[in-house]
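Take a look at the structure set out below.
The values are calculated or read from the model by the stated rules, or taken from the named source; none is laboratory data. Keep in mind that this is a model prediction, so the values were computed, not measured. So basically every Cβ, Gly included, is an ideal-geometry build from the backbone, and we count neighbours across all protein chains shown. Areas reflect the complete protein model, heavy atoms only, side chains present, ligands, DNA and RNA absent. Shrake-Rupley method; radii C 1.70, N 1.55, O 1.52, S 1.80 Å.
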Amino acid sequence: MSAEPLEIHLEEQDLGRNLRQDVRAGLTAEEKWLSPKWFYDARGSQLFEEITRLAEYYQTGAERAVLLERAAEIATMSGAKTLIELGSGSSEKTRLLLDAFTRHGDLGTFVPLDVSVSALRESTARIAVDYPGLRVRGIVGDFTRHLDRLPAGGRRLVVFLGGTIGNLLPAERAEFLAAMRVALEPGDWLLVGTDLVKDPAVIVPAYDDAAGVTAEFNRNVLRVINRELGADFDPAAFDHVALWNPEREWIEMRLRARHPMRVQVLDTEVTFAAGEELRTEVSAKFRPEGIAAELRAAGFVTSEFWTDPAGLFGVTLARAE
């Protein structure tokens with residue numbers, strides 16, 4: 001069975017407009033920032049794939065270990081007819097769930113949602129071939145804006161893996177989870193992966209690896225802005241910084257100016273002092289009781305919480321009330 005034509009709710013001009021809005025807001029703020037969503041052009045996606053294979057980056061392997069052990073339980077407990085994946089990318093980890101549903105469940109439809117048309121077209125084509133009895137319906141959209149476009153009907157399981165929820169600030173997480181609950185019916189399910197609070201000596205190297213791959217990934221956002229907006233950032237003039245914030249229990253990735261500079265972007269001159277930092281990502285780490293409380297506040301009840309054997313990463317299965 002071939003994949004259905006992509007359902008497109010996000011056009012190239014939308015991405016361009018959103019990029020301009022984010023860059024203008026972030027670079028004119030008192031403490032400069034950029035959204036991590038702009039890391040992921042083709043080069044950024046390739047660099048991130050390299051990061052997931054690094055010894056320091058424990059998250060991917062830890063989450064995969066949970067899914068390997070628990071996928072059959074997830075299929076049986078949820079009884080989902082439709083599996084929806086947010087920020088799907090290549091959907092590699094989701095294949096563990098698709099395999100389990102094939103053996104233990106009654107899944108009929110797989111709906112990956114991603115901002116990238118090319119990545120989604122490629123992944124849906126492969127999945128349609130590998131799971132010929134499955135209806136594959138890709139949606140091009142932004143999970144912070146297009147949850148109302150998710151298909152209705154049947155018992156649904158929404159999957160949000162990779163610890164991506166930690167890239168949202170607390171108020172953004174609350175807004176996202178509330179919108180997620182509105183999009184679902186009572187009895188539908190949400191499966192969310194969260195990196196857990198642990199020794200910063202384990203966390204920080206995952207964002208500042210010895211080979212410098214994460215540093216290149218971090219600087220890539222400047223290359224995206226140069227290409228898409230005609231800016232003249234010199235990525236080599238910024239140092240990669242990864243800091244643990246113990247009060248907020250999150251990692252902050254930043255780019256630190258090596259010397260004073262002036263950058264032209266969007267017909268505006270943006271100045272940087274020597275040592276001034278530009279925040280590019282927040283990655284929150286969670287405690288089990290914290291993620292359960294956030295889900296409860298949005299109208300979900302936690303059914304199961306699992307971790308890998310080392311307790312590095314958590315996966316929560318919650319039901320919409």
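Yes or no: the range 59-77 includes at least one residue that is out of contact with any Leu (no Cβ under 7 Å at 6 or more places or on another chain), over 24 Å from Lys285 (Cα atoms) and surrounded by fewer than 16 Cβ atoms within 10 Å (Cβ to Cβ). Within the range 59-77, one or more residues are out of contact with any Leu (no Cβ under 7 Å at 6 or more places or on another chain), over 24 Å from Lys285 (Cα atoms) and surrounded by fewer than 16 Cβ atoms within 10 Å (Cβ to Cβ). Restricting the first member to the range 48-74 and to residues that are within 14 Å of Thr316 (Cα to Cα), and the second to residues that are assigned to a helix (DSSP H, G or I) and open to solvent by 40 Å² or more (accessible area, probe 1.4 Å), the beta-carbon pairs closer than 8 Å and six or more apart or on different chains are Ala71/Asp99. Can you spot a residue in the range 269-286 that is within 27 Å of the chain's Cα centre (by Cα), at pLDDT 95 or above and over 30 Å from Thr28 (Cα atoms)? The answer is yes; a qualifying residue exists. Filtered by the rule that a residue be surrounded by 14 or more Cβ atoms within 10 Å (Cβ to Cβ), in contact with a Gly (Cβ under 9 Å, 6 or more places away or on another chain) and over 24 Å from Pro36 (Cα atoms), the range 158-183 gives a lone residue, Arg181. Restricting attention to the range 301-321, the residues being under 18 Å from Gly79 (Cα atoms), open to solvent by 10 Å² or more (accessible area, probe 1.4 Å) and among the aliphatic types (A, V, I, L, M) number 1.
Residues being of a type outside the set (Ser, Thr, Tyr), exposed (fewer than 14 other Cβ atoms within 10 Å of the Cβ) and outside any loop (DSSP other than H, G, I, E, B) are represented in the range 23-33 by at least one member. Within the range 135-157, if we keep just the residues that are hydrophobic (A, V, I, L, M, F, W, C) and more than 9 Å from Ala3 (Cα to Cα), the residue that is surrounded by the fewest Cβ atoms within 10 Å (Cβ to Cβ) turns out to be Ala152.
The residues in the range 95-120 that are within 16 Å of Ala3 (Cβ to Cβ) and either modelled with pLDDT of 90 or more or surrounded by 22 or more Cβ atoms within 10 Å (Cβ to Cβ) (or both) can be counted, and the count is 11. With a requirement of 3 or more residues that are crowded, with 19+ Cβ neighbours inside 10 Å and in contact (Cβ under 8 Å) with a residue 40 or more places away in the chain, the strands (runs of 3 or more DSSP E) lying completely within the range 199-300 that satisfy it span 250-257, 277-284. Only a single criterion out of (1) out of contact with any Phe, Trp or Tyr (no Cβ under 8 Å at 6 or more places or on another chain); (2) within 30 Å of Ala211 (Cα to Cα); (3) open to solvent by 30 Å² or more (accessible area, probe 1.4 Å); (4) modelled with pLDDT under 90 is not satisfied by Ser88, namely (3).
Is it the case that Arg181 is part of a helix (DSSP H, G or I) and at negative phi? Considered against the rule, which asks whether it is part of a helix (DSSP H, G or I) and at negative phi, Arg181 comes out as yes.
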